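No value in this document is a laboratory result; all are computed from the given coordinates. Small disclaimer: the values here were computed from a predicted structure and weren't measured. When we count neighbours, we look across all protein chains shown, and the Cβ atoms used for this are built from the backbone with ideal geometry, even at glycine.
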Amino acid sequence: MAKKKGSILKIFIIFAIIEIALVIISGSFNKQLQIGFNNGKFVFKHIKSHYDLQEKITEEFQIDEHFRKTGETPEIYGSNQVYEFFKEIFGEASAVGTFQLLRMMLIVDLLLLFIALIIKKQLLKRPSQPQILFEMVYSALEQFVIETLGKEKLNFTPYIVTLFLFIWISNMIGMIPIPGFMEPTRNLNVPLGLGILAVAIVHITALKVKGVWGHLQNYLNPIKNPLALLDIISEFSKVVSISFRLFGNVLGGAIIITVVSSLVSYVVFPVGLNLFFGMFVGTIQAFVFTMLALTYIGVEISE
Amino acid sequence: MELSVEVIRIAAYLGAAISVGLGAITTGVGSGIIAGEGAYGVMKQPKANEQIFRTMLIGQAAAQTAGIFALVISMLLIYGGFDVAEGGWYRAAALLAAGLSMGIGAFGPSLGAGYSGGEACKSVARMPKHGNAIMGNMLIGQALSQTSAIFALVVSLLLLYSVPNQPAGLTMGKIILKSISLVGAGMAIGLGTIGPGTGIGFVAGKANDMMGRFPKERSKIMRTMFLGAAVSESTAIYSLVVAFLLIFAV
Amino acid sequence: MELTLAQGIVKAAALLGAGMCMGMGALGPGVGEGFVAGKACEGIARSPENASLITRTMLVGQAVSESTGIYSLVIALLLIFST
């Protein structure tokens, strides 16, 4: 037990050192020094820092609004042809935001695929450290599925684990200080999509288990359920609460980090905030989202 | 109607005073609860003196987070350079609303975090062997109850930095409408965090208490705490949605 | 859309009312749901073999006590969008 705790602490310290080094390199979060890929080329240059917070918040969180107001040409960290393609599909109004969001989601998906392939390739009898971490995550979530749904519903485990890993990596990817990197969950569309998916899966499962009339009479039969109207409203409020919880926490962390790191041109404090919001809050919210998605299913099908 | 700089300054100073004045009330009460339970615990279990003391200090520091948020907002309001007449009535209303939001919003979370920390001190005094587990659980519970304070902080930062300047040539009716809706947004999230903050603090406190009595059931207690706290938070999230609508959609 | 002064004040009152409605309406359900969850923690610690039963009771009870919060949300949305 003591050894396991020590190794987690070691990983944490290594992570903190890497984070501090990256932040110092990228100029204490004000992006005064830019490192990254621009039009397929590696960029390493000083940019002029501006301390107008209002402008900065608009640039960070309402990027299309910003470029419409200032009339600058947006800086694309990626392929220009793809951006032109997006501009034709989505129109001028929300091209940059959509492009950024889809690029980040693609990065997260590729990362998940990459990790899965690497772990699968190195499956050993005496597992390595990353394998232990992922096996821990998998078996803990599998235990929760067994406790909530019972042994015969184990086929829900892959869905739950995928949901958890996707939200977890999405919440943590904003910590990497590369220009243009942001959490995909910061955009409302992603949590809302995940929430609608979770509630839809609840109802599909209930229709499968209880039959069509057996499930629908909870909402349509006023003799069996006198509060049917309230139940219908509360199904919609489930989507709102589950998705806005994730969105509000991630957006809140991002706004606080932006404001604080532009107020203090100090290196260590934003790193601590970044670790708190990225690792602690991100992990807790990913866990809460997954557990709620699981218990909604459990409440609906267990009678 | 033209507006002089003085009105915006008046709004900023009033907002700063409201923010830190209201925000300090329950921060003090919460820290006091923790200290009281800590002292009582030392009386009961003098051998675990150091452990109880450590739990008390860390719990008090975590319980004062919302008060520190309120302090940051009032510092920003005083020294943040809000003395340009361009913003007009929109800016004045937004500054007042930012103070209201964070000041009232610090109420519930600090009370909840104080209750949670107090129960943790009691629990450590009962079972000093599991002190570290109880302290970890206390920190997680306090972080959960501060989530609603973070919502209030986000709304007041948005009110400070994301409200547009008042365009020229508006009718008086339009100006009143937008200004009052900004104040309404601040009130919505401020009042809306009181209940959830206190409730989640109660959940976390009960979980800490039970962890001292039945240390074997640790994982089950923690899981129930997460789930219950997450569901209790949903009304704070409805308030956040209404506040966003009032800021950005009106 | 041109607003007269009286129309502006009426609409402004509706918006302030929406904010107060949601804020105060969130007070009761928050405390109540927290109480439910706290008692559920206690129950699970005392009889862990009934964990899934207690969790289900807790969630259903919280859903019912949240209904007043949902009423407030509906009224606030009505005040914002339909006056």
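Taking R0 as 60 Å, what's the FRET efficiency between residue A:9 and residue A:79 from their Cβ-Cβ distance, rounded to 0.05?
Once the sixth-power term is evaluated, E becomes 0.90.
Give me a comma-separated list of calculated 3J(HN,Hα) values for the range B:15-30, in order, Karplus coefficients 6.51, -1.76, 1.60 applied at θ = phi - 60°, integers in Hz, x for any Gly or Pro.
x, 4, 5, 4, 4, 7, x, 5, x, 7, 4, 7, 4, x, 4, x
Using a 7 Å offset from the Cα along the Cα-to-Cβ direction at both residue B:25 and residue A:106, what is the distance between the two label points in nm, to one decimal?
5.3
Tell me, in nm to one decimal, what length is gained between residue A:133 and residue A:212 on full extension, where the rule is 0.36 nm per residue of separation less the Cα-Cα distance?
Numbers: separation 79, 0.36 × 79 = 28.44 nm, distance 4.11 nm.
The residue A:133-residue A:212 span can extend by a further 24.3 nm.
Where Lys and Arg each count +1 and Asp and Glu each count -1, what net charge lies around residue A:119 among other residues with Cβ under 15 Å from its Cβ?
+3
So which GluC sites (Glu not before Pro) in chain C pass both tests, a DSSP loop state and at most 16 other Cβ atoms within 10 Å of the Cβ?
C:2
Quick one: 3J(HN,Hα) in Hz for the range A:277-286, Karplus 6.51/-1.76/1.60 with θ = phi - 60°, rounded, Gly and Pro as x.
6, x, 7, 6, 5, x, 5, 4, 5, 4
So, counting K/R as plus one and D/E as minus one, what does the shell of residues with Cβ under 15 Å around residue B:47 add up to?
Result for the local shell: +3.
Just the Cα atoms of chain B, one point each, no solvent: what log10 I(q)/I(0) does Debye give at q = 0.07, 0.08, 0.11, 0.12 Å⁻¹?
The computed values of log10 I(q)/I(0) come out as -0.28, -0.36, -0.60, -0.68.
Take the alpha carbon gyration tensor of the protein assembly as shown, find the square roots of its eigenvalues, order them as a ≥ b ≥ c, and report rounded if a/c is under 1.5; if not, report prolate when a/b exceeds b/c, else oblate. Mind dumping the intermediate values first?
Values: a/c = 1.29, a/b = 1.21, b/c = 1.07.
Because its axes are fairly even, with a/c under 1.5, the protein assembly as shown counts as rounded.
Go through the range B:201-250 and name the chymotrypsin sites (Phe, Trp or Tyr not before Pro) that are in a DSSP coil and have 13 or fewer other Cβ atoms within 10 Å of their Cβ.
none
For chain B, what is the number of Lys pairs with C-alpha distance below 25 angstrom, counting only pairs 8 or more positions apart or on separate chains?
Value for chain B: 16.
In a shell of Cβ-Cβ distance under 13 Å around residue C:44, excluding residue C:44 itself, what net charge do Lys and Arg (+1) and Asp and Glu (-1) give?
Residues close to residue C:44 contribute a combined charge of +4.
Within the range A:111-150, what residues put their amide N at less than 19 Å from the label point 7 Å along the Cα-to-Cβ vector of residue A:181?
Within reach of a label on residue A:181: A:111-116.
When only DSSP loop residues count, what GluC sites (Glu not before Pro) in the range B:1-65 have their Cβ near at most 11 other Cβ atoms within 10 Å?
Values: sites: B:2, B:6, B:37, B:50; in loops: B:2.
Of the GluC sites (Glu not before Pro), the ones in loops of the range B:1-65 whose Cβ has at most 11 other Cβ atoms within 10 Å are B:2.
Between the range B:15-30 and the range B:210-232, what's the alpha-carbon centroid distance in Å?
First find each Cα centre; the distance between them is then 31 Å.
With 10 angstrom as the radius, rank A:156, A:114, A:276 by how many other C-beta atoms surround their C-beta, starting from the fewest. Kindly include the intermediate steps, with their values, before the conclusion.
On the way: A:156 19, A:114 10, A:276 15.
If I rank by nearby Cβ atoms, fewest first, I get A:114, A:276, A:156.
Residue by residue through A:228-240, how many Cβ atoms from other chains fall within 10 Å of the Cβ on average?
Partner-chain Cβ atoms within 10 Å, mean over residues of A:228-240: 3.
If we count other beta carbons within 10 Å of each Cβ, what is the order of C:24, B:225, fewest first?
So the residues, fewest neighbours to most, are C:24, B:225.
For n ≥ 4 DSSP H runs only, could you compute -39500 (n - 2.57) per run for the protein assembly as shown, divide by its residues and tell me the 222 nm figure to the nearest 500?
-26000 deg cm²/dmol
When a footprinting reagent is the concern and you count Cβ atoms within 10 Å, what order do B:178, A:10, C:11 take, fewest first?
The fewest-first ordering by Cβ neighbours comes to A:10, C:11, B:178.
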